[in-house]
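This report concerns only the one structure given below.
The values are calculated or read from the model by the stated rules, or taken from the named source; none is laboratory data. This structure is a prediction, so every number in the text was calculated from the model and none was measured. Counting neighbours? That spans all protein chains shown, and the Cβs are built from the backbone with ideal geometry, glycine included.
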Amino acid sequence: MKPVNHHIRLAPRPSGLPKAPHLSSLPSRPPRPARAQIVPAVGYPSIDPATRRWISPNPADNGSVPIGTVIEAGATGQVIASEHPASRSGSTSAAHSAYKSWPAPTVRA
């Protein structure tokens, strides 16, 4: 079975914590890193107060998530592919990310 990158998108806006009916998944191929990039597998996406405000029924004027788009958030995970000399597969990573199995490749500082 080939790996699938699930993009978690906002469906209807929740009032409170989001649950399965508030989210939809769009599958795609996992990204590949270019030179000096890593690809982390998201293990723990954040659902902090800012994220809840962006997806709420009365979203803030600044940074609201449009219905049908991927929810952005901080996340931690494990590097699954690396083209960066200072980072190898299996190491941990934390970054501003999105609700995806594998976000876009990131340049490692």
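Within the range 65-78, is there a residue that is more than 20 Å from V4 (Cβ to Cβ), assigned to a loop (DSSP other than H, G, I, E, B) and either β-branched (V, I, T) or at pLDDT below 85 (or both)? Yes, the range 65-78 contains a residue that is more than 20 Å from V4 (Cβ to Cβ), assigned to a loop (DSSP other than H, G, I, E, B) and either β-branched (V, I, T) or at pLDDT below 85 (or both). When you check I38 against the structure, is it under 12 Å from P103 (Cα atoms) and of a type in the set (A, V, I, L, M), yes or no? The answer is yes for I38. Scanning the range 29-61 for residues that are more than 16 Å from the chain's Cα centre (by Cα), surrounded by 12 or more Cβ atoms within 10 Å (Cβ to Cβ) and of a type in the set (K, R) yields a single hit, R53.
Tell me the residue from P40, P66, P45, P57 that is in contact with a Lys or Arg (Cβ under 6 Å, 6 or more places away or on another chain) and under 24 Å from A20 (Cα atoms), please. Only one candidate passes the filter, namely P57.
Among the residues of the range 19-59, the ones that are assigned to a loop (DSSP other than H, G, I, E, B) and either free of Cβ contacts under 8 Å to residues at least 40 places away in the same chain or hydroxyl-bearing (S, T, Y) (or both) come to 7 in all. Screening the candidates L17, L26, L10 for the property of being on the phi < 0 side of the Ramachandran plot and surrounded by 16 or more Cβ atoms within 10 Å (Cβ to Cβ) yields one hit, L10.
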